[in-house]
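Heads up, the thing below is written out as structure tokens.
The values are calculated or read from the model by the stated rules, or taken from the named source; none is laboratory data. Worth saying up front: this structure is predicted, and the values here are computed from it rather than measured. Ideal geometry is used to build each Cβ from the backbone, glycine not excepted, and the neighbour counts take in all protein chains shown.
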């Protein structure tokens, strides 16, 4: 059943904000995003806006084209067993979109946390000091000051690039897909026996990995663990390596 349009494009801060709204409304999983479904909903929303003679910013149209491209790619048969000698993107468009959505969602969580903190403080103090721009740009509490989620994405893409220089990163069609649950299990194995407060180099978690899809899922699992404050990320300066610190441990670790 088609639902009546009750919201306008002007209520969103950009295409990622709109996508997250549609994903939440349809109760979809970002980690296993059905591109065909979300593309249809996104295009339908944009078309309704245009039919109401409302202006649609170019960034929303670019996202629409991106979704159509990803949907078309997903429909194409994939008979490739391994890609070693052909230049390929380090992250395909679907993986890039997934990372962008997760990153934006993290910023939303952080912004909401800041608003709640400000509201709480307003109930206790008549006057609040202004938040600095640097503090407003902080992504999450688990990230060290000055380190943002985009820095983690850049570091991860750099890691993929370095891996490919050392040995070709294959993209294999296998019977069992590397899932997010498998990524969590892999990280748990790597961190097993490490005490709370232990420091591990970000790159070390991918040292023995050669499959790009597995590496992407492990990276996404790390972001989720940071959101749940199970780990935190640290970087001495913009050019330094990134390290993760174990914050909380489960009972069986």
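Values as computed for the structure displayed
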quantity: Residue in the range 219-241 that is modelled with the lowest pLDDT, counting only those that are over 17 Å from the mean Cα position of the chain (by Cα) and assigned to a strand (DSSP E or B); calculated: 235
quantity: Some residue of the range 206-218 being in contact with a strand residue (DSSP E or B) (Cβ under 7 Å, 6 or more places away or on another chain), at pLDDT 85 or above and not in a helix (DSSP H, G or I); calculated: no
quantity: Condition broken by residue 142, with the remaining ones in (1) at pLDDT 80 or above; (2) touching a helix residue (DSSP H, G or I) at 6+ places or on another chain (Cβ under 7 Å) satisfied; calculated: (1)
quantity: Count of the range 27-53 residues which are outside any helix (DSSP H, G or I), touching a helix residue (DSSP H, G or I) at 6+ places or on another chain (Cβ under 9 Å) and surrounded by 12 or more Cβ atoms within 10 Å (Cβ to Cβ); calculated: 2
